[in-house]
Amino acid sequence: MIIGDATPISRPARPGRPELRPPRDMPKRRNFGSRAGRIALLHALAHIELNAIDLAWDIIVRFAESATPHEFCDDWVGVAAEEAEHFALLADRLGALGSAYGELPAHDGLWEAAAATSHDLLARLAVVPLVLEARGLDVTPEMMLRLERMGDAESVAVLCRIYEDEIGHVAVGARWFERLCHERGLDAQTAFYERVRHYFKGVLKPPFNREARSLAGLPAGYYEPLAEASL
């Protein structure tokens, strides 16, 4: 297949389960201290990773053209492969806890973000890797600490692997966002502000994991002004 010759689809194929609900109708997250609470956490993360696989492939199918550098496709194929590994690790851990992906409801918020940015590659990069995935860098260390206190070393190991890989995924998004802005003669921070304000319906919430974000090449000047503006 020639790069740029694929036809994107409106939404990816999905298994019959889990039941998809609007975010407002999702049950509140249970306490990590219980087995049910850990299952709910891992199920939510597995759903995120399943969507992340599709998002990585979608960015290639939807936005790659004949003139697109091959390294763009290589980067996102690599991201998709790692997201698939993450999903498999979480599914295995759910199985070890006596559950399975699909046994709890989930929401469709990530794919809604994809649909909203389906016509603008810079918007997709700004919202998905640089806002949504970067948020994972903020919250995952605390999840790992809480699971460690519960004595769940196996789940901690899975989240540690995901966390380390996600730094690289955010880095891929940041690198291509800045490269495309440079090629189009755009100021990257201004382009980021404009697209996040227009396409991201939530708010950027501190505290931020500045160390992990910096390792990913995401400067504080991108996200801190937006967080301050929402206070």
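Any read-out appearing in this document is the output of simple, stated calculations on the displayed coordinates, not a laboratory observation. All of these numbers come straight from a predicted model, not from anything done at the bench. All Cβ positions, glycine included, derive from the backbone under ideal geometry; neighbour counts span all protein chains shown.
Split the chain at each of the trypsin sites (Lys or Arg not before Pro) in a DSSP loop with at most 16 other beta carbon atoms within 10 Å, and the longest piece is 31-183.
Pull up all non-local amide H partners of residue 107: gap of 5 or more, or a different chain, and H-to-H distance under 5 Å with H placed in the peptide plane. Correct list: 21.
Out of the range 85-163, which GluC sites (Glu not before Pro) are coil in DSSP terms and have no more than 15 other C-beta atoms within 10 Å?
For GluC sites (Glu not before Pro) across the range 85-163 that sit outside H, G, I, E and B with at most 15 neighbouring Cβ atoms in 10 Å, the list reads 103.
Rg over Rh for the chain works out to 0.96, both radii taken from alpha-carbon positions and Rh defined as the Kirkwood radius. Placing pseudo-labels 7 Å out from each Cα toward the beta carbon at residue 7 and residue 228 gives an inter-label distance of 4.9 nm. Spatial offset of the range 139-202 relative to the range 72-115 amounts to 15 Å, using the alpha carbon center of each. Only helices enter the 222 nm calculation for the chain: every DSSP H run of n ≥ 4 contributes -39,500 (n - 2.57), and dividing by all residues gives -21000 deg cm²/dmol, rounded to 500.
With a cut-off of 14 Å between beta carbons, the residues surrounding residue 222 carry a summed charge of -1, where Lys and Arg count +1 and Asp and Glu -1.
Available extension along the chain between residue 182 and residue 161 is 4.3 nm, counting 0.36 nm per residue and deducting the alpha carbon span.
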